[in-house]
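First the structure, in the form of structure tokens, and then the observations on it.
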Amino acid sequence: MLTVYRTVTRPVTDYVRRDRILATQAAATLVTQLGVWLGIFLAGFTLALWPSPGRNLTTSLADAGSSLFTLGFAEPPGTTPAVIVFIAAATGMTVIALQIGYLPTLAPPTRSPPRSTRFPRCGQGRAGTARSRSRPGGRPRAASAHGDFGYMICH
């Protein structure tokens, strides 16, 4: 997938246009990965169902596809094919759930982190002055349990 995007963006010289094209790379990779995984599982479960008595490749593909995508329109007779069908249904739901669970990591951050996680610049306290860092007697105060690390780093 990386090679495809490099090939497509190589002739693009405008940064904004190239950025717009590359912004779709993560989503396209995820959709391609989902399709490849489901295709491999479909082929595997089709081949696992094929040796069952009275089965040919077409009916095995229908049974595997029906169970992998949890459609349930085909039910093979016998115990062994039923177990394979249940495993295929669980596999299909698991693969799709994992892919959906990965989607939020593709979204860019929408807001800056909370102010409490940012360190103050040297010489600036919570009130914006160096005096807020010291006690009335002139001695510097110790770092608080809430993480007054800006004082420790700057002094």
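The values are calculated or read from the model by the stated rules, or taken from the named source; none is laboratory data. All values reported here derive from a predicted model rather than from experimental measurement. Using ideal geometry, Cβ is built from the backbone for each residue, glycine included, and neighbour counts are taken over all protein chains shown.
Structure values in brief
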{"item": "Q99 being surrounded by 14 or more Cβ atoms within 10 Å (Cβ to Cβ), modelled with pLDDT under 70 and in contact with a helix residue (DSSP H, G or I) (Cβ under 8 Å, 6 or more places away or on another chain)", "result": "no"}
{"item": "Options P51, P11, P76; residue that is outside any helix (DSSP H, G or I) and crowded, with 17+ Cβ neighbours inside 10 Å", "result": "P76"}
{"item": "Pairs with Cβ under 9 Å, 6+ apart, first in region 22-51 and free of Cβ contacts under 8 Å to residues at least 40 places away in the same chain, second surrounded by 14 or more Cβ atoms within 10 Å (Cβ to Cβ) and not in a helix (DSSP H, G or I)", "result": "L42/F69; L49/R55; L49/P76"}
{"item": "Counted residues, region 1-37 - those being among the polar types (S, T, N, Q) and in contact with a helix residue (DSSP H, G or I) (Cβ under 9 Å, 6 or more places away or on another chain)", "result": "5"}
{"item": "So A26, is it within 22 Å of L106 (Cβ to Cβ), at pLDDT below 90 and either buried (at least 16 other Cβ atoms within 10 Å of the Cβ) or not acidic (D, E) (or both)", "result": "yes"}
{"item": "Pairs, first assigned by TED's automatic domain parsing to the domain that holds L42 in region 71-92, second of a type in the set (F, W, Y), C-beta under 6 Å, six or more apart", "result": "A88/F45; T91/F41; G92/F69"}
